[in-house]
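Below is one structure, written out as structure tokens; comments come after it.
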Amino acid sequence: MEQTFIILKPSTITRALVGDVLTRFQRKGLRIAGIKMMQLDEDILRRHYAHLVDRDFFPDLLKSMMVTPVIVAVLSGKDAVAVVRSMTGATNCRKAAPGTIRGDFGMSGQENIIHASDSPENAAIEIERFFKPEEIFDYTLLTLPATYAPDEL
Ligand code: UDP
Ligand code: MG
């Protein structure tokens, strides 16, 4: 099964939306393979957001990602990267479609609730950046036969 990586951002912790966001992924049928709280620092954020370090908004983004600890998680499922990105919605919450996490829970481009890996390649890099191998668990949910057809597994 494919794995993807998410961060529940400080906006989610502050606005008490952790349960709502995680519940969506569990109800969808994704398996939580790893989850923990951590305080991000400038070093890890510069690597995680390397594609944005030269943008005007980067200093504000950096600060906003360190306001509280975050919750990081690895989600597992068929096509997990694409499924989680589509559940996440457009970057700016005001433009994100209703029914998506950002569309339903946010009003901001920056304070947009969640990070989700944008490709299987980046998911692998991000999982390795934020998790030790022993923090990711390979177990089978009893719901698996009701979640997928045999030829989807
Ligand atoms: N961001 C921002 N202003 C922008 C673009 C991005 O504050 O104009 C922030 C926002 O929090 C976003 C993060 O930078 O989630 C990473 O940007 P990216 O383009 O990778 O968007 P994402 O993949 O999160 O949708
Ligand atoms: Mg991105």
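Observations on the structure shown:
- Gain on full extension, evaluated as 0.36 nm per residue between Leu142 and Glu42 minus their Cα-Cα distance, stands at 32.0 nm.
- Solvent-free Debye calculation, one equal scatterer per alpha-carbon of segment 79-153: log10 I(q)/I(0) at 0.15, 0.21 Å⁻¹ equals -0.71, -1.00.
- Within straight-line reach of Lys9, meaning a Cα separation under 19 Å, sit the following lysines at least 8 residues removed in sequence or on another chain: Lys36, Lys63, Lys95.
- Compactness relative to 2.2 N^0.38 Å, alpha carbon Rg of the chain: 1.03
- Modelled label positions at Asp79 and Glu152, each set 7 Å beyond Cα in the direction of Cβ, lie 1.0 nm from each other.
- Using only alpha-carbon positions in segment 70-112, the gyration tensor eigenvalues give semi-axes of 20, 13, 7 Å once each is multiplied by 5 and square-rooted (largest first).
- As a length-normalised measure over Cα pairs under 8 Å and 6 or more apart, the relative contact order of the chain settles at 35 percent.
FYI, it's all coordinate maths here, none of it is from the lab. Model, not experiment: these values are computed from the prediction. All Cβ positions, glycine included, derive from the backbone under ideal geometry; neighbour counts span all protein chains shown.
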